[in-house]
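**Q** Sharing a structure below in structure tokens format, with a few things to ask.
The values are calculated or read from the model by the stated rules, or taken from the named source; none is laboratory data. Model, not experiment: these values are computed from the prediction. Cβ atoms come from the backbone with ideal geometry, glycine included; neighbour counts cover every protein chain shown. For the accessible areas, the whole protein counts, side chains as well, though only heavy atoms, and no ligand, DNA or RNA atoms are used. Shrake-Rupley method; radii C 1.70, N 1.55, O 1.52, S 1.80 Å.
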Amino acid sequence: MNLKEEILKLKKELDVTLVAHFYQRDEVFELADITGDSLELAKKVMLTDSKYVVFCGVGFMGESVKVMSPEKTVLMPKIACCAMARMIDVGYFEENLKKINEAGISNDDILPITYINSSAAVKAKVGQMGGMVCTSSNAYKIIEKGLKSGKKIFFVPDRCLGQNFAKSLNLKSAIVGDGSDLNEADVICYNGFCSVHQQFSVEDIAFYRQKFPEILIAVHPECDPSVCDAADFVGSTSQLITYIKNLKPEQKIAVGTEFNMVNRLRDKNTYILSSTKPECPTMNETTLQDVYNTLKSIKDNNISKECEIVVSQDTAKWAKVALERMFEV
């Protein structure tokens with residue numbers, strides 16, 4: 001059986017939209033009706049009329065799609081979870097708030113902002129406290145907006161993103177639990193990180209600059225602040241794509257983000273800023289067979305509850321509030 005052909009046939013027969021994140025393996029990405037980063041996907045799905053959404057990504061992205069399009073049935077061929085998103089839940093969120101309170105900072109003086117790489121439950125908690133969601137492309141504006149409240153920002157879950165954007169705004173940052181003075185910080189960061197973007201180092205940058213003196217270095221803001229400081233360009237997934245595509249073909253560039261995305265950008269003169277192959281393992285779990293099985297289950301009216309994204313009404317309500325506050329900025 002030719003899985004690609006069968007998937008294309010099923011897509012024509014069914015009231016379905018196939019969605020894939022940039023980090024998906026090529027064979028899945030190429031068949032998608034909608035591609036993009038996590039927020040783009042949620043926005044684009046809202047504009048479709050399909051009853052079913054087959055979402056190839058990770059759990060928090062599927063939840064965001066469901067929150068913003070509650071009338072749709074959102075199915076994931078693989079219920080994969082982002083490692084960073086798993087580093088925080090409501091319990092850990094509240095434990096960190098307690099540590100901040102113990103440092104003498106009350107909840108009334110805190111505005112939480114959560115990176116979109118978090119569960120719907122965490123987004124809901126942030127929404128209930130008056131906070132917002134952000135992405136790597138709009139975090140600068142969101143933090144700047146949040147500071148107008150006169151409160152300290154509690155940024156979860158990615159410490160690197162929080163530190164990098166605080167530095168870009170000439171603000172002080174601190175990390176909960178690392179011994180730094182939380183009272184001195186404008187942005188208090190939860191101690192989470194991306195396992196993929198932590199693989200890049202300043203030594204990698206030095207290697208490429210020595211090998212190719214005219215090379216450019218572009219990295220994602222989930223990288224360590226020392227890496228971002230040494231790069232020529234720092235940007236979100238979509239911003240990196242635009243930056244790289246606008247370069248002259250002969251311009252060499254080393255990129256610090258997920259392998260699959262970088263690998264499909266240009267045929268020549270584009271390098272991965274690592275001696276390893278930094279792939280998002282959970283994104284790469286989804287195969288053509290998984291996609292086919294999910295589409296076939298829709299056709300056969302035999303959808304597995306294990307692959308359907310469900311968000312409780314109360315959680316969805318407050319998560320949507322946090323997301324919509326972001327859209328207002």
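**Q** Which members of segment 93-112 meet the condition of being touching a Phe, Trp or Tyr at 6+ places or on another chain (Cβ under 8 Å) and open to solvent by 50 Å² or more (accessible area, probe 1.4 Å)?
**A** Listed by number, the list is empty, since nothing qualifies.
Quick grid of which residues meet (1) under 21 Å from Asp37 (Cα atoms); (2) surrounded by fewer than 16 Cβ atoms within 10 Å (Cβ to Cβ); (3) at pLDDT below 95; (4) not acidic (Asp, Glu):
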residue: Gly256; (1), (2), (3), (4): yes, no, no, yes
residue: Arg264; (1), (2), (3), (4): yes, yes, yes, yes
residue: Thr270; (1), (2), (3), (4): yes, no, yes, yes
residue: Ser274; (1), (2), (3), (4): no, no, yes, yes
residue: Leu295; (1), (2), (3), (4): no, no, no, yes
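**Q** May I ask you to say which residue of Ala218, Ala322 is assigned to a helix (DSSP H, G or I) and either open to solvent by less than 60 Å² (accessible area, probe 1.4 Å) or under 22 Å from Arg86 (Cβ atoms) (or both)? I'd like the intermediate steps shown before the answer.
**A** Details: Ala218 fails: assigned to a helix (DSSP H, G or I).
Matching residue, one of Ala218, Ala322: Ala322.
**Q** For segment 295-320, name all the residues that are closer than 26 Å to Ala121 by Cα and in contact with a Leu (Cβ under 8 Å, 6 or more places away or on another chain).
**A** To start, the set of residues in segment 295-320 that are closer than 26 Å to Ala121 by Cα comprises 303-320.
Passing the criteria: Ile303, Cys307, Glu308, Ile309.
**Q** Kindly check whether there is at least one residue in segment 80-94 that is under 30 Å from Tyr52 (Cβ atoms) and of a type in the set (Lys, Arg).
**A** Yes.
**Q** Shifting gears a bit: Quick one: which residue in Gln289, Gln313 is closer than 23 Å to Ile79 by Cβ, without any contact (Cβ under 8 Å) to a residue 12 or more places away in the chain and among the polar types (S, T, N, Q)?
**A** Working: Gln289 fails: without any contact (Cβ under 8 Å) to a residue 12 or more places away in the chain.
On inspection, the qualifying residue turns out to be Gln313.
**Q** Which one is surrounded by the most Cβ atoms within 10 Å (Cβ to Cβ), of the residues in segment 113-128 that are over 13 Å from the mean Cα position of the chain (by Cα) and closer than 17 Å to Glu95 by Cα?
**A** Lys123
**Q** Which pairs do you get when a residue that is assigned by the TED database to the domain that holds Phe60, found in segment 25-45, comes within reach of a residue that is among the basic types (Lys, Arg) and not in a helix (DSSP H, G or I), reach meaning Cβ atoms under 8 angstrom, with the pair 6+ apart or on two chains?
**A** Asp26/Arg264; Phe29/Arg264; Val45/Lys72
**Q** Note down all Cβ pairs under 9 Å where the first residue falls in segment 185-214 and is more than 19 Å from Lys167 (Cα to Cα), the second is polar (S, T, N, Q) and open to solvent by 60 Å² or more (accessible area, probe 1.4 Å), and they're at least six residues apart or on different chains.
**A** If the second residue must be polar (S, T, N, Q) and open to solvent by 60 Å² or more (accessible area, probe 1.4 Å), the pairs left are Gln199/Thr276; Asp204/Ser275; Phe207/Ser275.
**Q** Working only within segment 95-106, note down all residues that are within 30 Å of Val310 (Cα to Cα) and touching a residue at least 12 places away in the same chain (Cβ under 8 Å). Break it down into steps so the answer makes sense when it comes.
**A** Going through segment 95-106, the residues within 30 Å of Val310 (Cα to Cα) turn out to be 95-98.
Within segment 95-106, Asn96, Leu97 qualify.
**Q** Of these, Thr237, Thr276, Thr270, Thr282, which one is β-branched (Val, Ile, Thr) and in contact with an Asp or Glu (Cβ under 8 Å, 6 or more places away or on another chain)?
**A** Sole residue among the options that is β-branched (Val, Ile, Thr) and in contact with an Asp or Glu (Cβ under 8 Å, 6 or more places away or on another chain): Thr237.
**Q** Considering segment 191-211 alone, what residues qualify as being open to solvent by less than 40 Å² (accessible area, probe 1.4 Å), not in a helix (DSSP H, G or I) and not β-branched (Val, Ile, Thr)? Before the answer, list the steps.
**A** Start the filter on segment 191-211 by keeping residues that are open to solvent by less than 40 Å² (accessible area, probe 1.4 Å), which leaves 192, 194, 196-197, 200-201, 204-205, 208.
Narrowing the set further to residues that are not in a helix (DSSP H, G or I) leaves 192, 194, 196, 200-201.
Selection gives Gly192, Cys194, Phe200, Ser201.
**Q** Further question on the same structure: Answer with yes or no whether Ser64 is in a helix (DSSP H, G or I), within 23 Å of Ser304 (Cα to Cα) and in the same structural domain as Ser297 (by the TED database). Break it down into steps so the answer makes sense when it comes.
**A** Working: in a helix (DSSP H, G or I): yes; within 23 Å of Ser304 (Cα to Cα): yes; in the same structural domain as Ser297 (by the TED database): yes.
Taking the combined requirement at face value, the residue satisfies it.
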